[in-house]
């Protein structure tokens, strides 16, 4: 039988980060907008109303904030993978989607962005 998963969303997390490949991008932190989708079975938590039966939004947010704010990666791709790895560290997370937007990442565009999907092994 195919397990149906629910989705936990962490939307529009704004975190200052040192990121970019060009010298002018590495002179100071710039805000990134991060959206995370965690695919989890929440049936038990829905019945028990117990935080221990689900993924803690707060714990994920704290871990992501720490890695992003301390990051010195050059590429959004590397940062997105690092965030996915954090999320998948919790074995209840079966799949994760990460979307990172870099406002002012391109001169003639509102932003540059990447979206990745990763699965638990």
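The values are calculated or read from the model by the stated rules, or taken from the named source; none is laboratory data. Note that the structure is predicted; figures quoted are calculated from it, not measured. Quick reminder, even Gly has a Cβ in these numbers, built from the backbone with ideal geometry, and neighbours come from all protein chains shown.
Points worth noting:
- Residues (in contact with a helix residue (DSSP H, G or I) (Cβ under 9 Å, 6 or more places away or on another chain), under 23 Å from residue 97 (Cβ atoms) and without any contact (Cβ under 8 Å) to a residue 60 or more places away in the chain) located in region 26-42: 38, 42
- Odd one out for residue 8 among (1) part of a helix (DSSP H, G or I); (2) closer than 27 Å to residue 71 by Cβ; (3) in contact with a helix residue (DSSP H, G or I) (Cβ under 9 Å, 6 or more places away or on another chain): (1)
- Test: residue 64 is without any contact (Cβ under 8 Å) to a residue 60 or more places away in the chain and in contact with a helix residue (DSSP H, G or I) (Cβ under 7 Å, 6 or more places away or on another chain): yes
- Those helices (runs of 4 or more DSSP H) of region 25-121 in which at least 2 residues are buried (at least 16 other Cβ atoms within 10 Å of the Cβ), considering only elements entirely within it, cover 57-69, 76-88.
- Long-range neighbours under 7 Å by Cβ, at least six apart or interchain, first residue in contact (Cβ under 8 Å) with a residue 24 or more places away in the chain and on the phi > 0 side of the Ramachandran plot within region 1-25, second part of a loop (DSSP other than H, G, I, E, B) and surrounded by 10 or more Cβ atoms within 10 Å (Cβ to Cβ): 20/74
- Evaluating residue 108 against the criteria (1) at pLDDT 95 or above; (2) over 25 Å from residue 7 (Cα atoms) leaves one unmet condition, (1).
- Listed by first and then second residue, the pairs with beta-carbon distance under 8 Å, at least 6 apart or on different chains, first residue in region 68-83 and on the phi < 0 side of the Ramachandran plot and at pLDDT 95 or above, second surrounded by fewer than 13 Cβ atoms within 10 Å (Cβ to Cβ) and in a loop (DSSP other than H, G, I, E, B), are 74/21; 75/21.
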